[in-house]
Amino acid sequence: MSQETELKLSLGPEGPMALRRHPRLTSLPMQASHLGNTYFDTPQGSLETARMALRLRRVDGRLLQTLKTRGEGGGGLSRRGEWEWEVPGPGLDLEGLAELPTAALGQEALERLAPRFTTDFQRETRVIDHRGALIEVALDEGEILAAGRRVAIRELELELKTGKPDALWSLAESLAGSVALRPADTSKAARGGALLGGEWRLPEGGTPSAWLHRAVVALDALADTGDEAWRRKAIQALRQLGEASDSDSENIDSENSDAARELAEALSNPAWLTPAFGLTMVRLARRLPADRPLG
């Protein structure tokens, strides 16, 4: 099993083109690939309940099977375990899955695994050496399809290959200066599950980092549903974050509360996703590290 550490960022409609023009990336070699993925689960959603994801991915004539464990983190940054190996296909390698030390994959669950939804997207990858860290920059554009419904994929994933995680935040801040982006906490698998079930659920608040996580997931839901109720929930969570930060003795300079209120105010504008909004949110997430279960 490998351990994946990445920072996930959601892009606005103009974000991909702006990213390609960013001076930090224009001179880097780029590799493009088409990724077709089918996600599997039991009819009862056993893996989704356990916050795990199982997929088959076709890329460059190969078929890869991947199992990801429950993620931990928040504010866009996540750490999760991952097993990935090439399989002959066309279906799952159940014998290989049975050998993995994962409680959610008992024999009964293995026998009931079936396709649930798909993702289809183009990926552009670049590798950058930033502040002593080697980081893979992956731009994904495409869609998630489930139960006859679809939502767009416009994501930037910064994956740490070597070095310290703080370099991910530093690079994100550098990109956010001219690209409309924001932290995202909901994986493609969790988004597919929400699309399939027609339901989003928000995490609880309570602490500054928990309120930020709730706001980020609300914005993820807003992006996929277009339901303005999620924007109001994000505003409420950011206001709660501001109040919680005011009473947090570790943040006596009120920097976090000021940033949260600024973000809540910006969300009242229909065109809220701007480089200024994203930079403020990335900086706030960087100051509020979290270690909680993620979808």
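The values are calculated or read from the model by the stated rules, or taken from the named source; none is laboratory data. Please read these numbers as outputs of a predicted model, since none were measured by experiment. Here Cβ is always computed from backbone atoms with ideal geometry, including for glycine, and neighbour counts include all displayed protein chains.
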request  = Select from segment 31-89 the residues that are of a type in the set (Val, Ile, Thr) and in contact with a Pro (Cβ under 9 Å, 6 or more places away or on another chain) and list them in ascending order.
outcome  = 38
remark   = Per the list (1) hydrophobic (A, V, I, L, M, F, W, C); (2) within 30 Å of residue 271 (Cα to Cα); (3) assigned to a loop (DSSP other than H, G, I, E, B), residue check on residue 100 breaks on (2)
task = Report yes if residue 127 is of a type in the set (Val, Ile, Thr), at pLDDT below 90 and either touching a strand residue (DSSP E or B) at 6+ places or on another chain (Cβ under 9 Å) or on the phi > 0 side of the Ramachandran plot (or both), otherwise no.
result = no
note = Here the residues within segment 204-244 that are crowded, with 18+ Cβ neighbours inside 10 Å and in a loop (DSSP other than H, G, I, E, B) are 205
request  = Could you list all residues from segment 21-46 that are assigned to a strand (DSSP E or B), surrounded by 11 or more Cβ atoms within 10 Å (Cβ to Cβ) and aliphatic (A, V, I, L, M)?
outcome  = 35
message = Scan segment 27-45 and tell me whether some residue there is touching a residue at least 40 places away in the same chain (Cβ under 8 Å) and of a type in the set (Val, Ile, Thr).
response = yes
Residues of segment 139-154 that turn out to be closer than 19 Å to residue 30 by Cα and either crowded, with 18+ Cβ neighbours inside 10 Å or assigned by TED's automatic domain parsing to the domain that holds residue 195 (or both), as a count = 4
message = For segment 1-20, give me each residue that is buried (at least 21 other Cβ atoms within 10 Å of the Cβ) and either part of a helix (DSSP H, G or I) or not basic (Lys, Arg) (or both).
response = 6, 7, 9, 10, 11, 15, 19
message = Against the definition (part of a helix (DSSP H, G or I), modelled with pLDDT of 90 or more and within 17 Å of the chain's Cα centre (by Cα)), how does residue 286 come out, yes or no?
response = yes
inquiry  = If I filter segment 69-86 down to residues being modelled with pLDDT of 85 or more and surrounded by fewer than 20 Cβ atoms within 10 Å (Cβ to Cβ), which single residue comes out as farthest from the chain's Cα centre (by Cα)?
reply    = 86
message = Can you go through 125, 119 and tell me which one is in a strand (DSSP E or B), under 21 Å from residue 226 (Cβ atoms) and polar (S, T, N, Q)?
response = 119
request  = For segment 103-110, state whether one or more residues are of a type in the set (A, V, I, L, M, F, W, C), in contact with an Asp or Glu (Cβ under 8 Å, 6 or more places away or on another chain) and not assigned by TED's automatic domain parsing to the domain that holds residue 289.
outcome  = no
ask   = Of the residues that sit in segment 181-196 and are in contact (Cβ under 8 Å) with a residue 40 or more places away in the chain and in a helix (DSSP H, G or I), which one is nearest to the chain's Cα centre (by Cα)?
value = 188
note = Within segment 47-61, the residues that are of a type outside the set (Asp, Glu), assigned to a helix (DSSP H, G or I) and either touching a helix residue (DSSP H, G or I) at 6+ places or on another chain (Cβ under 6 Å) or surrounded by 15 or more Cβ atoms within 10 Å (Cβ to Cβ) (or both) are 47
